[in-house]
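J.: Below you will find the structure I want to go over with you.
The values are calculated or read from the model by the stated rules, or taken from the named source; none is laboratory data. All of these numbers come straight from a predicted model, not from anything done at the bench. Because the Cβ atoms are built from the backbone with ideal geometry, glycine has one as well, and the counts that use them run over all protein chains shown.
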Amino acid sequence: MAETLRNCKGCGKLFMYRGVKFCVDCLEKQAEDEHRIIDYVKANPLCTIVDIVRDTGIDEKIVRRLIEEGRLIQAGLEYEYPCSKCGEPIMSGQYCDKCAKKLRNEIFEEQRRRNDRTGLRYRQLSVTAGGKK
Ligand SMILES: [Zn+2]
Ligand SMILES: [Zn+2]
């Protein structure tokens, strides 16, 4: 792959892009943050995400992303945290199974509604176009 200069997604600095969106500094920092979070959860198995953010000083977005990606489970930790919607304890992703299913249905419904509307507009347009002839 050709090397190009890009702005790092983390710090915005220009760096040699090799298929990873972060510069070496940011990658190192991410690995460090990950270790700190894992160590913290090991020492405090009942901590909440709020505790992790407060005690490690790591940005909540980073903490959440790491947990949602299942990095703690990969590290052998069974960490439970609340579903973003209903608060049920979950171990990966953003929502519990119930909410994920509901959300999928909502998205499906929304898409269906949107398609209906598009279909309607399409019909109206073809009527107008036909009438012009
Ligand atoms: Zn960077
Ligand atoms: Zn839920």
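J.: Could you tell me whether any residue of the stretch 89-101 is modelled with pLDDT under 95 and loosely packed, with under 11 Cβ neighbours inside 10 Å?
T.: Taking every residue of the stretch 89-101 in turn, at least one turns out to be modelled with pLDDT under 95 and loosely packed, with under 11 Cβ neighbours inside 10 Å.
J.: Select, from Gly12, Gly70, Gly57, the only residue that is modelled with pLDDT under 90, out of contact with any helix residue (DSSP H, G or I) (no Cβ under 6 Å at 6 or more places or on another chain) and surrounded by fewer than 16 Cβ atoms within 10 Å (Cβ to Cβ). It would help to see each step written out before you state the result.
T.: Details: Gly12 fails: modelled with pLDDT under 90; Gly57 fails: modelled with pLDDT under 90.
Result: Gly70 is the single residue among Gly12, Gly70, Gly57 that is modelled with pLDDT under 90, out of contact with any helix residue (DSSP H, G or I) (no Cβ under 6 Å at 6 or more places or on another chain) and surrounded by fewer than 16 Cβ atoms within 10 Å (Cβ to Cβ).
J.: Something else now. Quick check on my filter: what residues within the stretch 17-54 are in contact with a Cys (Cβ under 8 Å, 6 or more places away or on another chain) and buried (at least 16 other Cβ atoms within 10 Å of the Cβ)?
T.: Once the filter is applied, which keeps residues that are in contact with a Cys (Cβ under 8 Å, 6 or more places away or on another chain) and buried (at least 16 other Cβ atoms within 10 Å of the Cβ), the stretch 17-54 yields Phe22, Cys23, Cys26, Tyr40, Val41.
J.: Okay, next question. In the stretch 51-63, is there at least one residue being within 28 Å of Lys102 (Cβ to Cβ) and polar (S, T, N, Q)?
T.: No, because not a single residue in the stretch 51-63 is within 28 Å of Lys102 (Cβ to Cβ) and polar (S, T, N, Q).
J.: List pairs: first residue in the stretch 53-74 and farther than 15 Å from Cys26 by Cα and assigned by TED's automatic domain parsing to the domain that holds Ala43, second residue of a type in the set (Phe, Trp, Tyr) and part of a helix (DSSP H, G or I) anywhere in the structure, Cβ distance under 8 angstrom, at least six positions apart or on different chains.
T.: Pairs that qualify, where the first residue is farther than 15 Å from Cys26 by Cα and assigned by TED's automatic domain parsing to the domain that holds Ala43 and the partner is of a type in the set (Phe, Trp, Tyr) and part of a helix (DSSP H, G or I), are Asp55/Tyr40; Thr56/Tyr40.
J.: Considering only the stretch 50-78, state which residues are β-branched (Val, Ile, Thr) and within 13 Å of the chain's Cα centre (by Cα). Break it down into steps so the answer makes sense when it comes.
T.: Here is the first cut: in the stretch 50-78, the ones β-branched (Val, Ile, Thr) are 50, 52-53, 56, 58, 62-63, 67, 73.
The answer is Ile62, Val63, Ile67.
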